[in-house]
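Each remark here refers to the structure printed beneath this line.
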Amino acid sequence: MKVTYNWLKEYVDFDWSVEELAERITMLGVEVEGIVEAGGAFEGVVVGEVITRDQHPNADKLSLCKVNDGSQELQIVCGAANFQVGDKVALATVGTNMPVEEGEKPFVIKEGKIRGETSQGMMCSGSELKLNEDHDGILILPKDATVGQSFGEHMGCSEKDAVFDLEVTPNRPDLNGVIGLAREIAALIGNELKMPLADLSETGPKVSESVAVEIRDVDLCPRYNARVIRGINVGPSPAWLSSRLEQVGIRPINNVVDATNYVMMETGQPLHAFDFNLLSEVKGKRTVVVRRASAGEKFTTLDEQKHELSNDNLLIADCEKGIALAGVMGGLNTEIQNDTQDVLLETAYFNPQNIRATSKGLGLHTDASYRFERGADIGCVDWVSRRAAKLILEVAGGELLAGDVDEFPAQPETREITLRHSRTDALLGIVIEPAKAVDYLQGLDLEMLSQDEGSATFRIPTWRVDLKREVDLIEEVCRVHGVDQIPATSPRGCIGENDFDAQHDSLGQVRDVLTGLGIDEAQGQTLISDESAALISGDLARLEYPLASDMNVLRPSLLPGLLDSLRNNLTRQNRNVKLFEVGRIFAAGPVETRSVALLLTGALNAAFWQGEDTKVDVSDLKGVIEELLESLGVYGVEFVRREEVGSLFLESAELRMGKQTIGQMGQLLPVLGKRYEAREAVYLAEINLDTLLQRRTTNKSFKSLPQFPASERDVAMIVDESVTHSDVLGIIKNIKPANLVETQLFDVFRGKNVSEGQKSLAYSFTYRSAEKTLKDKEVNSAHDQLISALKEQLPATIRDT
Amino acid sequence: MSLLDEIDPLKAEALVEFNAATNQSSLDRAKGAWLGPQGRFTGLMKQMGALSKEDRPLAGQAINAAKTEIEKALQEARERIELATAAPREPSDFTAPGRRPSLGRLHPLTQVTEDIVKSFRKLGFVVADGPEIEDEYHCFDALNTPADHPARDAQDTFYVASDGRPLLRTHTSSVQIRVMKEQKPPVRIIVPGRVYRRDTADATHNPTFHQVEGLYVDRDVTVADLKGTVEFVFRELMGSKTKIRFRPHYFSYTEPSFEIDFANSLTRKMGKDWLEIAGCGMVHPAVLEEVGLDPEEWSGWAFGFGIERIAMLRYGINDIRLFYENDTRFLHQF
């Protein structure tokens, strides 16, 4: 919504500068998003009249004059010779900033003495005003120029003004008109709101003799007012009208349409003018029918767009055809044209939801639909119609038929709201004098119906669709009083409680552990493409109307996002990438789960001048996972190798806790890696974080440090490739060798002295008792038992050491 | 030549040899040559038996003194050689960069979120959370946002294709409803989380972004309280010299509603007097009634803001998409 400084000033007196006004209305809740200064050429220059002209006492070529500037006589010293008493001249008063060419120094008119005589301004030549090259004499204006008028106005330039671009919140449709804003300012400073005149001279016969209005759907149109003006002259609007519309962003069309647009900008109420003679006539009457369109009904709007309507669209029609898409746009068939003689003026109220649906459905958004869908003022319809008729008569001439046809079958309920002063104080946290609160609300044109010690009751004007209950009045008091007048009090209150609070810290702990292990945190898009999602799962939660095909499903995993981030890095030559994400993933249902995912590729450590370039491998990934699990206190996770190559992994394992699969890890298929620009092995893992956090144990208890020495026994054995570390641990778990406290795998070897299809595993077993120093004999007996079990059950061949 | 006369020259010769040893093996050889079973000094000691009873004590004394001296020289040579062996072959350049185990970085959005959470926790707030896939009731209806409200346009909201038209929450305010329905007041929560709007990605928009919402419901909660808390949190976040301004505004679930502007050296640098940063207001009585609270007894305030916006302002980031690209050079700046 655009409005100008001068326009506002027509309805309310204030002496704020442009900047102050912007600040004030912003603080009232209408944010000024931009200010553009406009017009104002020749500011300070006025039409003057030469009263006397005498010889300057001290200079032959100068004259000493008295010049009337419209309010007083000024003494001016002038060097020109081409003028005489009674001439109208362009007088630059003290303080005028004379126009200068680019690069010239600013030239400000000052009061000064010229050869001993005071000069209070300057009579200007055409060149001094940059109007022409004439600098031989001053500019002599026509005899009928008005003394005191600003020279800019005399020349037909618009006066200085400022156009404000305002953000009007959707709850305040009344602020989509200049008067609405002026009312706010009036309330703020306590000045009167000066409503424009809407008095009419109705000279024609009664409208009702030639026009009828028939509302067939009262829900969608509770009020419709028609007036008729005959014998108008359609033509261009006067300059003041067209230039003002242009300032607020509306293209001037012709005087009739411009007048309706002007009144819309002034009042916030849209209007429409039809060519009266293009409405069908039945028995000497033109009937305006407000009805729903029939399904499939064709209609062409003013912008020459053809629409196929449905039963949900409200149409203004005559007895034969549609003539306007109600509240949105007029029809091409009854548009005001250059030869239009008679005008039917529509002022109506339409159901906001319906206008909104039509406007959205047809993709037709207009200044009118914008206002109707937010809620116009049903109470002001007649007044606005009169105001517009007056303006049309003023700019296009013609004769107004007497009266109007005002169909108003559904009177709106009048709302009354009681404000308790104690509630105001309780909610705002300050004490506001009851009299002050009442003043504020009356200033906004709320009529007080009654009051007692503790409260006051108001009737809500029809334009304030936002005021529905007491708290809304409290907000009005707060706005006019000024929220900056409410002191900030120190935070007070209770200790909050919520079950999630501890979980928030657990999520933080996961992030801290992983960053501590040298992995960077990523944040991926929640919305991803079908194709990326299909890498992980077919069980997808989909968007109903996606914005784009590459953002049409909710991520079923964090891995596609990490892979996208991998590509972003690799294409920018960041070759060593370690990322994790903690976030939510989704599946059909829809259901959501928290997840943590990891991606590692490239060098294990940052580049170093000694040139170590160990690459990450699957054990690095496993190590990170083990460290994370241990720090969270999650035990008993098994890593179960998948024998088949999957759609995502070249080699992978499932993470299981008992029968539950809680995650997976592995190496990305190289062919997929290439799709993400990866030339080196990429390792991925993802774990269900909800499960991890459920299964964590945070209890910690102290165990005494060992007091007796340990004995170590190293064993190297040859086993089949298929034998795993977990098989070894399984056997140990089964036979439970006495005093065995630690089993450590310290070497896996293939090659020399180990046949194809086999490998050598080297373990270090630590034996220790908590009660005594073990004797060799005791250790050996347990160890021999272990060795023979490994030999038989794996089976294994023990290597000589 | 008597035995006694042989001691000193022999000792001198041994000392020279030990002192000359430059490594462990030459030292070992010298040790063998002098002190080993066949060593020359050991030989000298063996000759002691041949001496007369009278001469023996004197010679014994002299030999022992010499032996101590030789062993001391041996020990010194050993230490000298050990030190020389332990020392790096080349001197270290202490100015060269170290071998750094690099620490991973928290995402800047996480860092900002945690800072916000920390300031709120100082005031007794706790973190709460709710689902990202919401329903119309929690996201709109219960928040006094009627069906024909612009915010409910399909243009702004992502709907999930499923029964009951679930949607991706457009704000964290949906959690207000869930918490107030479950918990009797007083309620004092902060809700950081992901939210979604149908915006095409550009420098200032991403369909996914993050918000933080604060909610306090209690007896006698006022606008003055709201101002006090907001000022505290934003001064913590944006610096103690930050100025805060409240400007009346409209949100359907608060009344009165305000937008919050701030001003500090950052806004001055950007050539602006004020910069909008958050929205807030007193919880609308219709919302309290919806969750079964009597607005005559309870009042509250809520405020919310975008985490990306704060992070962009704080770090001078000019494109929101950078947050979601996860370029490690970007991540390592924070």
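The values are calculated or read from the model by the stated rules, or taken from the named source; none is laboratory data. Keep in mind that what you see is a predicted model, and the values were worked out from it rather than measured. Virtual Cβ from ideal backbone geometry, glycine too; neighbours counted across all protein chains shown.
If I filter region A:441-465 down to residues being in a loop (DSSP other than H, G, I, E, B) and without any contact (Cβ under 8 Å) to a residue 40 or more places away in the chain, which single residue comes out as nearest to the other protein chains (Cβ to nearest Cβ)?
Per the criteria, the residue is A:Gly454.
If I go through region A:466-502 residue by residue, how many of them are surrounded by 17 or more Cβ atoms within 10 Å (Cβ to Cβ), under 23 Å from B:Ala128 (Cβ atoms) and more than 7 Å from chain B (Cβ to nearest Cβ)?
0
Within region A:569-617, work out how many residues are closer than 30 Å to B:Gly164 by Cα, part of a strand (DSSP E or B) and not β-branched (Val, Ile, Thr).
Final tally of qualifying residues: 7.
For region B:305-334, give me each residue that is surrounded by fewer than 21 Cβ atoms within 10 Å (Cβ to Cβ) and within 18 Å of B:Tyr253 (Cα to Cα).
B:Gly306
Any idea which of (1) farther than 17 Å from A:Pro546 by Cα; (2) more than 9 Å from chain A (Cβ to nearest Cβ); (3) in contact (Cβ under 8 Å) with a residue 24 or more places away in the chain is the one B:Pro186 doesn't satisfy?
(2)
Name the helices (runs of 4 or more DSSP H) wholly within region A:468-534 that hold at least 2 residues that are in contact (Cβ under 8 Å) with a residue 40 or more places away in the chain and of a type outside the set (Val, Ile, Thr)?
Filter on region A:468-534 gives A:470-481, A:500-516.
If you take the residues in region B:9-21 that are of a type outside the set (Gly, Ala, Ser) and loosely packed, with under 12 Cβ neighbours inside 10 Å, which one is nearest to B:Leu74 (Cα to Cα)?
The residue in question is B:Val16.
Among the candidates A:Leu599, A:Leu558, A:Leu579, A:Leu570, which residue alone is at the interface with chain B (Cβ under 8 Å from one of its Cβ atoms), in contact (Cβ under 8 Å) with a residue 12 or more places away in the chain, among the aliphatic types (A, V, I, L, M) and within 19 Å of A:Ala678 (Cβ to Cβ)?
Going through A:Leu599, A:Leu558, A:Leu579, A:Leu570 in turn, just one is at the interface with chain B (Cβ under 8 Å from one of its Cβ atoms), in contact (Cβ under 8 Å) with a residue 12 or more places away in the chain, among the aliphatic types (A, V, I, L, M) and within 19 Å of A:Ala678 (Cβ to Cβ): A:Leu579.
Could you figure out which of (1) facing another protein chain (nearest Cβ under 9 Å); (2) closer than 18 Å to B:Val221 by Cβ; (3) surrounded by fewer than 17 Cβ atoms within 10 Å (Cβ to Cβ); (4) not polar (S, T, N, Q) isn't true of B:Asp294?
Only one criterion in (1) facing another protein chain (nearest Cβ under 9 Å); (2) closer than 18 Å to B:Val221 by Cβ; (3) surrounded by fewer than 17 Cβ atoms within 10 Å (Cβ to Cβ); (4) not polar (S, T, N, Q) is unmet by B:Asp294, namely (1).
Which numbered condition trips up A:Ile625, out of (1) more than 14 Å from every other protein chain (Cβ to nearest Cβ); (2) modelled with pLDDT under 95; (3) under 22 Å from B:His107 (Cα atoms)?
(2)
From B:Glu114, B:Glu82, grab the single residue that is surrounded by fewer than 18 Cβ atoms within 10 Å (Cβ to Cβ) and either assigned to a loop (DSSP other than H, G, I, E, B) or more than 9 Å from chain A (Cβ to nearest Cβ) (or both).
The unique qualifying residue is B:Glu82.
Just one of (1) modelled with pLDDT of 95 or more; (2) within 27 Å of A:Asp472 (Cβ to Cβ) trips up B:Phe323, so point out which.
(2)
Return yes or no: is B:Met282 of a type outside the set (Val, Ile, Thr) and away from chain A (no Cβ under 11 Å)?
Here the answer is no, as B:Met282 does not meet what is asked.
Restricting to region A:180-222, name every residue that is among the β-branched types (Val, Ile, Thr) and within 30 Å of A:Ile323 (Cα to Cα).
A:Thr203, A:Val207, A:Val211, A:Val213, A:Ile215, A:Val218
Among (1) surrounded by 12 or more Cβ atoms within 10 Å (Cβ to Cβ); (2) touching a residue at least 40 places away in the same chain (Cβ under 8 Å); (3) assigned to a loop (DSSP other than H, G, I, E, B), there is one condition A:Leu628 misses while meeting the rest; what is its number?
Unmet condition: (3).
Restricting attention to region A:254-286, which residues are of a type in the set (S, T, N, Q) and surrounded by 17 or more Cβ atoms within 10 Å (Cβ to Cβ)?
Answer for region A:254-286, where residues must be of a type in the set (S, T, N, Q) and surrounded by 17 or more Cβ atoms within 10 Å (Cβ to Cβ): A:Asn254, A:Asn255, A:Thr260, A:Asn261, A:Thr267, A:Gln269.
Based on what the data block shows, is A:Pro409 outside any strand (DSSP E or B), more than 10 Å from chain B (Cβ to nearest Cβ) and over 25 Å from A:Leu193 (Cα atoms)?
Answer is yes for this residue.
Against the definition (more than 38 Å from the chain's Cα centre (by Cα) and either away from chain B (no Cβ under 14 Å) or of a type outside the set (Lys, Arg) (or both)), how does A:Asp312 come out, yes or no?
No, not satisfied.
Identify all residues within region B:123-144 that are within 9 Å of chain A (Cβ to nearest Cβ) and not β-branched (Val, Ile, Thr); write none if there are none.
B:Leu123, B:Gly124, B:Phe125, B:Ala128, B:Asp129, B:Gly130, B:Pro131, B:Glu132
Quick one: B:Gln176 ticks every box in (1) surrounded by fewer than 21 Cβ atoms within 10 Å (Cβ to Cβ); (2) within 38 Å of the chain's Cα centre (by Cα); (3) in contact (Cβ under 8 Å) with a residue 12 or more places away in the chain; (4) more than 9 Å from chain A (Cβ to nearest Cβ) except a single one, so which number is it?
(1)
With region B:190-270 as the region, which strands (runs of 3 or more DSSP E) entirely inside it contain at least 1 residues that are among the small types (Gly, Ala, Ser) and over 27 Å from the mean Cα position of the chain (by Cα)?
The qualifying strands (runs of 3 or more DSSP E) are B:254-263.
Give the residue, chosen from B:Gly279, B:Gly304, that is at pLDDT 90 or above, under 16 Å from B:Val212 (Cα atoms), over 29 Å from the mean Cα position of the chain (by Cα) and not in a helix (DSSP H, G or I).
B:Gly279
Could you list, ordered by first residue, the pairs with Cβ atoms under 7 Å in which the first is in region A:349-368 and away from chain B (no Cβ under 11 Å) and the second is assigned to a helix (DSSP H, G or I), at least 6 apart or interchain?
A:Tyr349/A:Ile378; A:Tyr349/A:Val381; A:Phe350/A:Phe372; A:Ser359/A:Ser369; A:Ser359/A:Glu373; A:His365/A:Ser359; A:Asp367/A:Met264
Taking region A:1-35, which residues are within 13 Å of chain B (Cβ to nearest Cβ) and part of a loop (DSSP other than H, G, I, E, B)?
A:Leu28, A:Gly29, A:Val30
The rows are residues; the columns are (1) assigned to a strand (DSSP E or B); (2) out of contact with any strand residue (DSSP E or B) (no Cβ under 7 Å at 6 or more places or on another chain); (3) more than 16 Å from A:Asp714 (Cβ to Cβ).
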{"site": "A:Pro737", "(1), (2), (3)": "no, yes, no"}
{"site": "A:Gln744", "(1), (2), (3)": "yes, no, no"}
{"site": "A:Leu761", "(1), (2), (3)": "yes, no, no"}
{"site": "A:Thr766", "(1), (2), (3)": "yes, no, no"}
{"site": "A:Glu771", "(1), (2), (3)": "no, yes, yes"}
{"site": "A:Leu774", "(1), (2), (3)": "no, no, yes"}
{"site": "A:Ala782", "(1), (2), (3)": "no, no, no"}
{"site": "A:Gln785", "(1), (2), (3)": "no, yes, yes"}
{"site": "A:Glu792", "(1), (2), (3)": "no, yes, yes"}
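Of the conditions (1) in a loop (DSSP other than H, G, I, E, B); (2) out of contact with any helix residue (DSSP H, G or I) (no Cβ under 8 Å at 6 or more places or on another chain), A:Val213 clears all except one; give me its number.
Result: A:Val213 passes all but (1).
Given the conditions (1) polar (S, T, N, Q); (2) under 30 Å from A:Asp505 (Cα atoms); (3) surrounded by 15 or more Cβ atoms within 10 Å (Cβ to Cβ), which single one is not true for A:Ser701?
Evaluating A:Ser701 over (1) polar (S, T, N, Q); (2) under 30 Å from A:Asp505 (Cα atoms); (3) surrounded by 15 or more Cβ atoms within 10 Å (Cβ to Cβ) leaves (3) as the failure.
Looking at region A:503-541, which of the residues that are facing another protein chain (nearest Cβ under 9 Å) and β-branched (Val, Ile, Thr) is nearest to the chain's Cα centre (by Cα)?
Checking each candidate, the answer is A:Thr526.
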